[in-house]
Amino acid sequence: MLMFAVRRALADMASHKFLHTVSIVTIALSVFIVSAFALFFNNATDFLDAWRKGVRVIAYVGGPVKDDQRAFLSETIAKLEGVASVKFISREDAFNDLKEKIGDQSSLLDGLDKNPLPDAYEITLTDAYRELTDIEKLVKKVAALPGVEDVEYAQKWLLRFNGMYNLFKATGMVLASVFFIATLLIIANTIRLIMYSRREEIEIARIIGADEKFIKYPLFIEAVVQGGIGGVTGILMLCLAFAAFVPNFAPETGFAFFEMRFIPMRFGIAIVLCSMLIGWVGCYLSIRKFLTY
Amino acid sequence: MDQLEKVIIRMSNVSKRYGKMDALSGLTLDVHENEFVFVTGPSGAGKSTMIKLLYLGETATEGEILVDGINLARITRRQIPQLRRKIGVIFQDFKLIPTRTVYQNVALVLEAAGLRPKEMHPLVMSALEWVGIGDRVDEFPPVLSGGEKQRVAVARAMVGNPKIVLADEPTGSLDPDSAARIFMLLQIAHRAGATVVIATHDQQMISSHGGRVVRLEKGCMTPQNQGGRPSC
Ligand SMILES: Nc1ncnc2c1ncn2[C@@H]1O[C@H](COP(=O)(O)OP(=O)(O)OP(=O)(O)O)[C@@H](O)[C@H]1O
Ligand SMILES: [Mg+2]
């Protein structure tokens, strides 16, 4: 029974090549766009995570710090929620560090008769405490401590990226649902057109004793195969696009701690399965309207 | 003796209305197993309607129809295909699927009944050879002549070895030679044990056979018909 249905479904697809091709291409495009968004989020999420891991908050102390004050600040900061470690960086250390970094040009600094750098604390955050809001809370607390003049972290940049990320996420979700519905309608419509073009044949099949399964199975198989092929094609398109663009793009970004990744295998399979499921539902919708004994 | 024969089609007080139009009114009729019945009457009398009611192409508005013991008014969705597999239907316009070969058209019946391709093959071939189309199995219906198409349709109707054969104007669009050939095939089917009901206004066919004739007029059975009782 199922073998028959598969055979007939394939034969029917062959005889409605154009209809199926158009439908598959459209599904592939939808899947491409949706999975491109998925790719972006995956990477953006990884990127944010990687960046947060590297986040260090630097608290600058105004004026030279006395030893007891230094210990007090160290302890107070260390006790704050979300702080993994605190490291005091004296102005001398910072100055030497700077000298080392600029190397050959260190003579530039010779002109300075005084070290212009302040004492500072470098604060590392615990893993659990890396949300933007958490970081800002901490920054406020540190800034309120006596002696702390300024607190620095790549705030604006992170804020902007975070905002963009959220906006994209919302857009992506809206788009995904639009394409979901579009794919559903496309498949439902294709099946409806096939049923319409074959209404005479279906009518004849009924008269000679075909049951519902005999008529429905091939249509369901066609819809699911359509969804499957469309899904795989869409993912392959993304794969090609990724292979073509990403290598040219990654090195220039200069984020050594981060590398663009393709969507995980599991995710790709889920998208294809989803697209097949959409095929099934689309077929169900159009059949429910048309096929009643 | 007549009483002992099994009634295979029983229509009691059957009416069919399309809107306000009575296509059939109060039709009462028994057909026995292996009977050969003509249903005749002028155009619009309800012949096609009666045939449709028997294979459930339409459902009766009133009355009771029993086909091989199944009450068509109480039939379940699952039983409908089973009922139709007991019936072979032949139409004036052949109703072949143009995009499928002659072989596939006939095989469809057995496919729908769940047979395997290997089991189907000899049955399909012998049905097509029986109607004289055995050498054109891979052609498509549109290239066949009217008579040939109808022979394929007869093969399709008979391939499942149905208990009942219903034919609605089977010779209506055929030349006399082809018509005679189709009619002959139906008679062979009858001799092989099938119950045959033919709706036709081909008087020549009726008189050459001389079987039982049911006359309809404006949806009613006329007094001079054989068997059953006049309905209005
Ligand atoms: N689907 C339908 N909707 C409305 N009226 C219908 C329908 N089918 C049949 N009729 C009407 O029912 C009546 C009987 O039709 P039917 O087709 O049974 O006649 P018939 O005896 O087969 O005629 P003919 O010899 O011309 O084929 C006709 O008046 C026809 O117009
Ligand atoms: Mg008619």
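Just so you know, all these numbers are worked out from the coordinates, no wet-lab data involved. The structure displayed is predicted, hence computed values, not measured ones. All Cβ positions, glycine included, derive from the backbone under ideal geometry; neighbour counts span all protein chains shown.
Some observations on this one:
- In terms of its alpha-carbon gyration tensor, the stretch B:24-68 comes out oblate; a/c meets the 1.5 threshold, while b/c is at least as large as a/b.
- A Gaussian network model of chain A, with springs between Cα atoms under 10 Å, assigns the largest mean-square fluctuation among A:G282, A:G62, A:G209 to A:G209.
- Fewest-first sequence of B:L29, B:L66 by Cβ atoms within 10 Å of each Cβ: B:L66, B:L29
- Remark: the stretch A:56-153 carries a charge dipole of roughly 240 debye about the Cα centre, counting +1 on each Lys and Arg Cβ and -1 on each Asp and Glu Cβ.
- Along the axis of the charge dipole computed for the stretch B:27-154 (Cβ charges of +1 for Lys and Arg, -1 for Asp and Glu, origin at the Cα centre), the listed residues B:S126, B:Y103, B:V89 are led at the positive end by B:Y103.
- Normalised by residue count, the stretch B:3-229 yields a Cα convex hull volume of 130 Å³ per residue.
- Counting, for every residue in B:107-119, the Cβ atoms of other protein chains within 10 Å of its Cβ and taking the mean gives 4.
- Student exercise, chain A dipole from Lys, Arg, Asp, Glu Cβ charges, in Debye to nearest 20: 1700 debye
- Cα pair count fraction exceeding 46 Å, expressed as % - the protein assembly as shown: 46 percent
- Within 10 Å of each Cβ in A:208-221, the average number of Cβ atoms from other chains: 5
- Cβ-Cβ FRET estimate between A:T76 and A:M173, R0 fixed at 41 Å, reported to 0.05: 0.45
- Sequence of B:M11, B:M184, B:M205 once ranked by neighbouring C-beta atoms within 10 Å, starting from the fewest: B:M184, B:M205, B:M11
- Ranking A:A244, A:G228, A:Y196 by Cα position along the charge dipole of the stretch A:196-248, where only Lys, Arg, Asp and Glu carry charges on their C-beta atoms, puts A:A244 farthest toward the positive end.
- Unit Cα scatterers, Debye sum, chain A: log10 I(q)/I(0) for q = 0.11, 0.13, 0.14, 0.15 Å⁻¹: -0.79, -0.95, -1.03, -1.11
- Added length on full extension, which subtracts the Cα-Cα distance from 0.36 nm per residue, A:F88 to A:V6: 22.3 nm
- Global form of the stretch B:92-139, assessed from the alpha-carbon gyration tensor, a/c cut-off 1.5: oblate
- Neighbour counts of other Cβ atoms within 10 Å put A:D119, A:D97 in the fewest-to-most order A:D97, A:D119.
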